[in-house]
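Q: Quick one: structure below, then a few questions.
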Amino acid sequence: MRRLTLSEIIVAALLTIVCAAFAIGARAALPVHLLIAVVFLIVIAAAHRFDVPIVSAIAVVTVLMTLYSTLAEPGFVLMGRSFDPFLARFDRALFLGHDPALIAQTFVTPRVLEFFSFIYGIFIPYLWLSIMLGTIGRERHERAAFVLGLAVVYAISYLGYLFVPARGPVEYYAFATSLRGGRFHELVLQSVAATGGNHGAFPSLHVGASAYLCLFDLRRNRVRGLTWAPIVMLIAISTIVLRYHYVADILTGFAIAFVADRVALRRFTRPRLQHPRTLFTALARAGVSLFFDRVDVEGNVPIDGPLLLVANHTNGLVDGLVVTAATPRRVALTAKAALRRNPLLAAVAWIADVVPFYRAQDNARDVAKNVDSFKAIRERLARGGAVCIFPEGISHSDASMRELKTGAARIALDFAAAHEGLRIVPVGLHYDAKQRFRSAVLVRFGEPLAIPPNIDVRALTQLIDERIRALTANFVSVREALWLRWTAELIATRGEEPRALDQEESDYRERAQLLASLRDDYDRADRAALAPLVAGLRSYRRELRRHGIAQRELFLRMHPAQALFFVFREVELFVAGAVLFTIGIAQHGVAFALDRTLTRKLSVDLDHWASNAIFYGFAIFPLTWLIGIALVAWLASPVWALAYALALPFTLVYTIDYFDRAGRAVRRARTFLRFVFNRGLHRTLQQRGRELLAQIEEARR
């Protein structure tokens, strides 16, 4: 039998406190709460006995929702007083002697009241939709984290209901006029009356619960969290407009949501990029995070002391951005001096404090300036800084690393001759599809290397080469790389059903590790014996491409209930986010179109695409933003222009995430419909895929 989960313990403890408190001061309410406690314990025992954790989660949620109405009046009986005067004094102190509830009334019109009544009422469907998606639609560990955070929010809030009972400004203040709205306001009044009337002002569960649900989604399903974030803020404002809560209630609700999210986060964490430390680091992180869907980092980097990072070079200028964003300390980059001929790149290089290297093929007369470049690097290392060098000397799209130049080894030996403590950290950069928008990146930091005694330049260069190759994927040919990557993607499916889109994390870290293992197995294998399997894999790949089916969607189940749940989840997100997405397209559509057009026109090789998209975006997006802000200020007012400007970063991130999610939803829906209307194809492809997986497993033994 499983042990009690923390959420079950929290609810059991809450019921114990409630029953004990009512036994002392509100005995009329005791029987119903004793019954709730007994039924809860019976259901939990049965769920543990038969190992059905979802029943336990539903029991926890049911008790939390039930207590909202049963705790309506007993708190006032228990404490014998209302805490409204104390909360009102706090608000007045916070607003320098003014009452925010009274201030808000000067801005309320019938239309404003109806709007905020509608927003206030949205809380109920948002709550229940989120509960359904958080309990039914998630895997076991994610569901446990979700329910735990929800239990924390409601348990703390109910303790406030019990021991700090208050009815809110609606009953405490003597308002000159009552609120008179339309249909939505009437529905809100009926809903409040149905749940016990005005009670539970402190803290605001409307704010606490909705803020927690939003925070949870921001960490696990970002596009949904971003969709509801503005609405959550409007819900908080609506509680003031409708006179149900003090500002103290709202601030406490947000604080409780933050605590609950931190508690839930301990159960479900995701690797994150380090916080930016300089302007260029912030730019690098922004560019990398917007272009790529995910950046995973393996290994550790020494946080102090002189450090020389040496990395492979396969994606142009983006390689430097990725290393900068992934390294938890400031990094000085090196780059060819010819880049400074481009005014935009020259400005970025100045911000990044890039050390230029002069190449003979660019201008033979400038090669002598490398003496100053080496001196600049030594100075940075002498100050305990970190410097990143790409020893291949040029970005490329080859199947394997190119021969390393000796520059990194010469810099290291030159510095070591006069200083101590230098460590060399090899870095392997892996790109899922480096030219594709919203693909994935894996950064692998190797073990720090101390310079061996009595080693020369060539030997150290060879040692660096070995260390970087051990962290990267190197193949005989591009053709071999392509089909081995595809095979790794097929193996990564394990022949299992794909995860839900709101739980779909990039599995590139696993596939990169699998690809390295697959490459080693292929190098050791008898190529003649593997020829039939290789031919079968290539034929299968061509067939999937012909039907437009991705490997990750191959083993999709054709269950009607699962399909309905998929439609429900995606339609909710599509409808709720349609307005924000439309605003985002209006604000950023021109910039996206210009950036895409320039990238296509100027990109010659695969390692140009991401670099051009990101660096031209650094200029195009701010320029279009400034034009938009000026137009809004001219057509409307400076206040609206300020609001427009503040919304730009949010809508940019949201538009990218929404578009990406919509694309993945369309891809899965298309695969599902293709399989629905061609069941024979569905069975054939899945059977053949499992046969190939079995053959691969047998060949790798």
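Q: Which of the residues belonging to the range 380-417 are of a type in the set (Gly, Ala, Ser), under 21 Å from Leu463 (Cβ atoms) and not in a loop (DSSP other than H, G, I, E, B)?
A: Those that are of a type in the set (Gly, Ala, Ser), under 21 Å from Leu463 (Cβ atoms) and not in a loop (DSSP other than H, G, I, E, B): Ala386, Gly407, Ala408, Ala409, Ala412, Ala416.
Q: Which condition number does Phe650 fail, the rest of (1) touching a residue at least 24 places away in the same chain (Cβ under 8 Å); (2) exposed (fewer than 15 other Cβ atoms within 10 Å of the Cβ) being met?
A: The failed condition is (2).
Q: Which one is farthest from Thr281 (Cα to Cα) among residues in the range 329-345 that are part of a helix (DSSP H, G or I) and open to solvent by 60 Å² or more (accessible area, probe 1.4 Å)? Let's see the steps before the verdict.
A: Narrowing the range 329-345 to residues part of a helix (DSSP H, G or I): 337-341, 343-345.
Now restrict to residues that are open to solvent by 60 Å² or more (accessible area, probe 1.4 Å): 340-341, 343.
Numbers: Arg340: 19, Arg341: 23, Pro343: 20 Å.
The selected residue is Arg341.
Q: Six or more apart or on different chains, Cβ atoms under 8 Å: show the pairs whose first residue is in the range 34-47 and within 13 Å of Thr62 (Cβ to Cβ) and whose second is in a helix (DSSP H, G or I) and of a type in the set (D, E, K, R).
A: Here the result reads Ile44/Glu8, each pair linking the range 34-47 to a residue that is in a helix (DSSP H, G or I) and of a type in the set (D, E, K, R).
Q: Let me ask something else. Looking at this structure, is Phe280 under 22 Å from Arg509 (Cβ atoms), among the aromatic types (Phe, Trp, Tyr) and out of contact with any His (no Cβ under 6 Å at 6 or more places or on another chain)?
A: It is false that Phe280 is under 22 Å from Arg509 (Cβ atoms), among the aromatic types (Phe, Trp, Tyr) and out of contact with any His (no Cβ under 6 Å at 6 or more places or on another chain).
Q: Can I ask one more? Here are Asp398, Asp414: which of them is within 34 Å of the chain's Cα centre (by Cα) and touching a residue at least 12 places away in the same chain (Cβ under 8 Å)?
A: Values: Asp414 fails: within 34 Å of the chain's Cα centre (by Cα).
Only one candidate passes the filter, namely Asp398.
Q: In the range 164-191, what count of residues is obtained for those that are more than 19 Å from Phe202 (Cα to Cα), hydrophobic (A, V, I, L, M, F, W, C) and outside any helix (DSSP H, G or I)?
A: So the count comes out to 4.
Q: I'd like the full set of residues that are assigned to a helix (DSSP H, G or I) and either open to solvent by less than 10 Å² (accessible area, probe 1.4 Å) or in contact (Cβ under 8 Å) with a residue 24 or more places away in the chain (or both), limited to the range 233-250.
A: Step one: of the range 233-250, the residues assigned to a helix (DSSP H, G or I) are 233-241, 247-250.
Within the range 233-250, Leu234, Ile235, Ala236, Ile237, Ser238, Thr239, Ile240, Val241, Val247, Ala248, Asp249, Ile250 meet the criteria.
Q: Here's another thing I want to ask about it. For residues that are at pLDDT 95 or above and of a type in the set (Gly, Ala, Ser), tally how many sit in the range 198-224.
A: 4
Q: Which one of the conditions (1) open to solvent by 10 Å² or more (accessible area, probe 1.4 Å); (2) acidic (Asp, Glu); (3) touching a His at 6+ places or on another chain (Cβ under 9 Å) does Asp51 fail to meet, given that it meets all the rest?
A: Failing condition for Asp51: (3).
Q: Scan the range 131-157 for residues that are surrounded by fewer than 22 Cβ atoms within 10 Å (Cβ to Cβ) and of a type in the set (Ser, Thr, Tyr) and report the count.
A: Residues that pass the stated criteria total 1.
Q: Note down all Cβ pairs under 6 Å where the first residue falls in the range 378-392 and is in contact (Cβ under 8 Å) with a residue 24 or more places away in the chain, the second is among the charged types (D, E, K, R) and open to solvent by 20 Å² or more (accessible area, probe 1.4 Å), and they're at least six residues apart or on different chains.
A: Listed by first residue and then by second, the contacts come to Ala386/Arg329; Val387/Arg380; Pro391/Lys405; Glu392/Arg402.
Q: Can you give me the number of residues within the range 530-583 that are of a type in the set (A, V, I, L, M), in contact (Cβ under 8 Å) with a residue 12 or more places away in the chain and either touching a Gly at 6+ places or on another chain (Cβ under 7 Å) or farther than 28 Å from Asn678 by Cα (or both)?
A: Total meeting the criteria: 6.
Q: Still on this structure, please answer the following. Would you please name the residue that is surrounded by the fewest Cβ atoms within 10 Å (Cβ to Cβ), looking only at residues in the range 401-436 that are of a type in the set (D, E, K, R) and within 27 Å of Ala512 (Cβ to Cβ)?
A: Glu403
Q: Shifting gears a bit: Which of (1) out of contact with any helix residue (DSSP H, G or I) (no Cβ under 9 Å at 6 or more places or on another chain); (2) within 20 Å of Gly149 (Cβ to Cβ) does Ala59 not meet, given it meets every other one?
A: Just one mismatch for Ala59, condition (1).
Q: Which of the residues that make up the range 590-646 are polar (S, T, N, Q), out of contact with any Leu (no Cβ under 8 Å at 6 or more places or on another chain) and farther than 20 Å from Ala433 by Cα?
A: Kept after step one, since they are polar (S, T, N, Q), are these residues of the range 590-646: 597, 599, 603, 611-612, 624, 637.
From what is left, the residues that are out of contact with any Leu (no Cβ under 8 Å at 6 or more places or on another chain) are 597, 599, 603, 637.
Result: Ser637, single match.
Q: Among the residues that make up the range 359-379, is at least one of them in a helix (DSSP H, G or I), within 35 Å of the chain's Cα centre (by Cα), within 29 Å of Ala417 (Cα to Cα) and of a type outside the set (Ser, Thr, Tyr)?
A: No, the conditions are met nowhere in the range 359-379.
Q: Follow-up. If you check Ala525, Ala531, Ala535, Ala578, which single one turns out to be open to solvent by less than 40 Å² (accessible area, probe 1.4 Å), farther than 30 Å from Phe146 by Cα and among the aliphatic types (A, V, I, L, M)?
A: Selected residue: Ala525, the only one of Ala525, Ala531, Ala535, Ala578 that is open to solvent by less than 40 Å² (accessible area, probe 1.4 Å), farther than 30 Å from Phe146 by Cα and among the aliphatic types (A, V, I, L, M).
Q: Please name all residue pairs, on different chains or six or more residues apart, with Cβ atoms under 8 Å, provided the first residue is in the range 87-99 and is without any contact (Cβ under 8 Å) to a residue 12 or more places away in the chain and the second residue is in a helix (DSSP H, G or I) and not hydrophobic (A, V, I, L, M, F, W, C).
A: Correct list of pairs: His98/Arg92.
Q: Taking the conditions exactly as written (in a helix (DSSP H, G or I), under 19 Å from Ile620 (Cβ atoms) and either open to solvent by less than 20 Å² (accessible area, probe 1.4 Å) or modelled with pLDDT of 90 or more (or both)), does Ala586 satisfy them or not?
A: It is true that Ala586 is in a helix (DSSP H, G or I), under 19 Å from Ile620 (Cβ atoms) and either open to solvent by less than 20 Å² (accessible area, probe 1.4 Å) or modelled with pLDDT of 90 or more (or both).
Q: Sticking with this structure for a sec: Select, from Gly446, Gly495, Gly548, the only residue that is at positive phi and in contact with a helix residue (DSSP H, G or I) (Cβ under 6 Å, 6 or more places away or on another chain). Lay out the reasoning, then the answer.
A: Working: Gly446 fails: at positive phi; Gly548 fails: in contact with a helix residue (DSSP H, G or I) (Cβ under 6 Å, 6 or more places away or on another chain).
Within the list Gly446, Gly495, Gly548, the selection yields Gly495.
Q: Give the residues of the range 83-105 that are among the aromatic types (Phe, Trp, Tyr) and not in a helix (DSSP H, G or I), sorted by residue number.
A: Within the range 83-105, Phe83, Phe95 qualify.
Q: Condition first: open to solvent by 60 Å² or more (accessible area, probe 1.4 Å) and farther than 25 Å from Arg329 by Cβ. Now tell me which residues in the range 346-373 satisfy that.
A: Ala360, Gln361, Ala364, Arg365, Ala368, Lys369, Val371
The values are calculated or read from the model by the stated rules, or taken from the named source; none is laboratory data. From a predicted model like this one, the values you see are computed outputs, not experimental measurements. When we count neighbours, we look across all protein chains shown, and the Cβ atoms used for this are built from the backbone with ideal geometry, even at glycine. All accessible areas refer to the heavy atoms of the entire protein, side chains included, with ligands and DNA or RNA removed. Shrake-Rupley method; radii C 1.70, N 1.55, O 1.52, S 1.80 Å.
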